[in-house]
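Trainee: The structure follows.
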Amino acid sequence: MSESQPHSMASTFSQYLLIALVSYTIWRILRRVFKSSVLDNIPGPQRHSILTGNLAAFHDPDGWEFHEDLEQNYGQVVKVRGFLGTPHLFVFDSVALHSILVQDADVYEENPIYMKVYSLLWGPGILSTVGDDHRRYRKIMTPAFATGKLREMIPIFYEVAEEARDGLIAPFLNDGPSKFDLNNILNRTSLEMIGRTGIGYSFDRMLAGKEANDKYAETLKELLPTTFKLALLFPFLPHAIQMGSAAFRRFMVNIIPSKTLHQVRDMVDFMERTARQLVEAKKEAVRRGHLDMADNSKDIMTLLLKGNLGAEEGMFLTDDELVAQTGMIISAATDTTSSALDRIFHILTLHPDVQERLRDEIVDSPERMDYEGLGSLPYLDAFIYEVLRLYPPVTPVMFRETVEEAILPLSKPITGVDGSIITSIPVPKGTTLYVAIAAANHNKQIWGDDALEFKPERWANGKAAASSEKMCGIYGNMMTFLGGGRSCIGFQFSLLEIKVVLSVFLRHFKFSSADGAVRWKMSGIIAVPSVHGNVQLPMTVERLNEI
């Protein structure tokens, strides 16, 4: 047999495999089309393509106008067409969301493609499981995010924020105001915060004039956007590379002719090795007696390992599970919080009066505040509430899919395409639903006619002047951090990080717009700032006083 024959055989096999998988995917879509005709009476926009329906507009990074159309011009449940016209539901009705996320949550599971992507990236964990498995991971991890533990992390938040201030900004202001890419600074700051408080590891010492040179950080930045792009373009791949043994799955990944898939493979391999090394280092510290139940370590990974020491059966994490949680914690905390901070500072440049008022409140407070102090600044709270309401970092939607037939209740009837009044919607098994986070936060029936206006003043004592209609969200009657059993477990962590960064930066610096119009892009499920197609947030920074 010549050397070229094995390669030729593998290539032929991969081609047949791809044909089979594509055929299977098309069959599943066609089956859903014919089973889902009951949803045809739900109002929604005309499809843009026979093949892809409305998906191109829905997933367009610049598709804000399309999403605004869905929010403003139909009912609170809107039909959006998927592949070959398959009906999907875009949902921001309060009662419907309560059913999806709380009351009937086991019927509406995370979209299988996204769950498989998370599983392939990191393995079994809180982001990649459903049902009892997910509840187990959440129960194990919840104590690490308790208020008492977060209080202990606040000094670490301040250390990192002050290092970013002193290393990444202040040294370049000696000769006057200077221009920065604040996205880079905030991303590095968020990663370092979750590194130290999440896993007890420093990714970036944030030294003046030196870029972050941590391969893990660079890999993390590219991993999720690349992977979700791959999953959306080739929806059969997550199914394919879950088949059989680990060796067989690796064989399939290697032979599928996709450069992007191979890039994801290499990134996952590297991040898994790094996470395993971190877990092993922690376990070694336990073995050496440097990490026990009485020590002072405060990071989340240490707390999980401590929990393992005395855990009852079924309530401890295996090595593989610890590795998975490491990747998930770092990714989830970095991307969402840095996006929120990007938006916050961008808004501050657009509203200099708000920035001044916020600075005045911060300057009148202690330089370092404890948990109660950070929660006692009313305008800071109101400002953060309003930014996270109008511009949730996870945007515009989260995905769900029905695992059995369901009846979706509504808070208010909607008028069907045929003119009939619809008070509840029968949803077939296998239907994709979009939990419309931004649309719920912009709902005029809840927030009033000025719902799309930026008004921190609408908040008083953590509550906005709104109707009596309530959302199931865990934060400020909004859906920014979702609700129910899959709500964001680390939302208080994120809020504390945001407050500390704002209190440290605004005390000493003034921020204003630099050259270049910032456009926000929907990148996967995270909003990112962009200038001329590059992810960046150019900003002019001026020193106000000595540090």
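Trainee: If a residue counts only when it is small (Gly, Ala, Ser) and touching a His at 6+ places or on another chain (Cβ under 8 Å), which helices (runs of 4 or more DSSP H) contained entirely in the stretch 53-119 have at least 2 such residues? Outline the logic, then answer.
Mentor: Working: elements: 55-58, 64-72, 94-98.
Per the criteria, 55-58.
Trainee: Limited to the stretch 300-335, what total is found for residues that are surrounded by 24 or more Cβ atoms within 10 Å (Cβ to Cβ) and within 20 Å of PRO529 (Cβ to Cβ)?
Mentor: Adding up the residues that qualify gives 2.
Trainee: To continue, here is another question. Out of all the residues in the stretch 336-377, which are surrounded by fewer than 18 Cβ atoms within 10 Å (Cβ to Cβ), part of a loop (DSSP other than H, G, I, E, B) and not basic (Lys, Arg)?
Mentor: If the condition is that a residue be surrounded by fewer than 18 Cβ atoms within 10 Å (Cβ to Cβ), part of a loop (DSSP other than H, G, I, E, B) and not basic (Lys, Arg), then HIS351, ASP364, SER365, PRO366, GLU367, ASP370, GLY375, SER376 are the ones that fit.
Trainee: Another question, then. Could you please let me know if LEU305 is in contact with a Lys or Arg (Cβ under 9 Å, 6 or more places away or on another chain) and under 20 Å from GLY123 (Cβ atoms)? Before you say what the answer is, go through the steps one by one.
Mentor: Values: in contact with a Lys or Arg (Cβ under 9 Å, 6 or more places away or on another chain): yes; under 20 Å from GLY123 (Cβ atoms): yes.
When the stated conditions are applied, LEU305 passes them.
Trainee: Is there any pair with a first residue in the stretch 74-100 that is free of Cβ contacts under 8 Å to residues at least 40 places away in the same chain and a second that is among the basic types (Lys, Arg) whose Cβ atoms are under 9 Å apart and which are 6 or more apart or on different chains, and what are they?
Mentor: ARG81/ARG47
Trainee: Among the listed residues PRO235, PRO257, which satisfies the condition of being under 27 Å from PRO61 (Cα atoms), in a loop (DSSP other than H, G, I, E, B) and at pLDDT below 75?
Mentor: Working: PRO257 fails: at pLDDT below 75.
Answer to the check: PRO235.
Trainee: Residues in the stretch 421-444 that are in a strand (DSSP E or B), hydrophobic (A, V, I, L, M, F, W, C) and either under 20 Å from ILE526 (Cα atoms) or touching a residue at least 24 places away in the same chain (Cβ under 8 Å) (or both): how many? Give the steps one after another, and end with the answer.
Mentor: Pass one, the stretch 421-444, residues in a strand (DSSP E or B): 421-427, 432-436.
Filter once more, so that each one left must be hydrophobic (A, V, I, L, M, F, W, C): 421-422, 425, 427, 433, 435-436.
Restricting the remaining residues to those that are either under 20 Å from ILE526 (Cα atoms) or touching a residue at least 24 places away in the same chain (Cβ under 8 Å) (or both) gives 422, 425, 427, 433, 435-436.
Matching residues across the stretch 421-444 total 6.
Trainee: Within the stretch 458-483, can you find the residues that are under 16 Å from the mean Cα position of the chain (by Cα), in contact (Cβ under 8 Å) with a residue 40 or more places away in the chain and surrounded by fewer than 20 Cβ atoms within 10 Å (Cβ to Cβ)?
Mentor: If the condition is that a residue be under 16 Å from the mean Cα position of the chain (by Cα), in contact (Cβ under 8 Å) with a residue 40 or more places away in the chain and surrounded by fewer than 20 Cβ atoms within 10 Å (Cβ to Cβ), then no residue fits.
Trainee: Further question on the same structure: Filter the stretch 136-161 down to residues that are within 16 Å of GLY484 (Cα to Cα) and surrounded by fewer than 15 Cβ atoms within 10 Å (Cβ to Cβ) and give me whichever is nearest to the chain's Cα centre (by Cα).
Mentor: Top of the filtered list is THR142.
Trainee: State which residue is nearest to TRP64 (Cα to Cα) when the search covers only the stretch 488-522 and only residues that are of a type in the set (D, E, K, R) and under 21 Å from the mean Cα position of the chain (by Cα).
Mentor: Of the stretch 488-522, the ones of a type in the set (D, E, K, R) are 497, 499, 507, 510, 515, 519, 521.
If we keep only those that are under 21 Å from the mean Cα position of the chain (by Cα) as well, we get 497, 499, 519, 521.
Details: GLU497: 28, LYS499: 28, ARG519: 11, LYS521: 9 Å.
Per the criteria, the residue is LYS521.
Trainee: Restricting to strands (runs of 3 or more DSSP E) lying wholly in the stretch 452-532: which have 1 or more residues that are under 27 Å from PRO155 (Cβ atoms) and among the hydrophobic types (A, V, I, L, M, F, W, C)? Even if it seems obvious, please write down each step before you answer.
Mentor: On the way: elements: 509-513, 519-523, 526-531.
Where strands (runs of 3 or more DSSP E) fall fully within the stretch 452-532 and carry at least 1 residues being under 27 Å from PRO155 (Cβ atoms) and among the hydrophobic types (A, V, I, L, M, F, W, C), they are 509-513.
Trainee: Another question about this same structure. In the stretch 317-335, what residues are within 17 Å of ARG136 (Cα to Cα) and assigned to a helix (DSSP H, G or I)? Can you show your working first?
Mentor: Here is the first cut: in the stretch 317-335, the ones within 17 Å of ARG136 (Cα to Cα) are 317-326, 328-329.
Correct list: ASP319, ASP320, GLU321, LEU322, VAL323, ALA324, GLN325, THR326, MET328, ILE329.
Trainee: In this structure, is ILE446 surrounded by 20 or more Cβ atoms within 10 Å (Cβ to Cβ) and under 24 Å from SER376 (Cα atoms)?
Mentor: On the way: surrounded by 20 or more Cβ atoms within 10 Å (Cβ to Cβ): yes; under 24 Å from SER376 (Cα atoms): no.
No.
The values are calculated or read from the model by the stated rules, or taken from the named source; none is laboratory data. Only a predicted model underlies this, so the values are computations on that prediction, with no experimental measurement involved. Cβ sites come from the backbone with ideal geometry, for glycine too, and all protein chains shown count toward neighbours.
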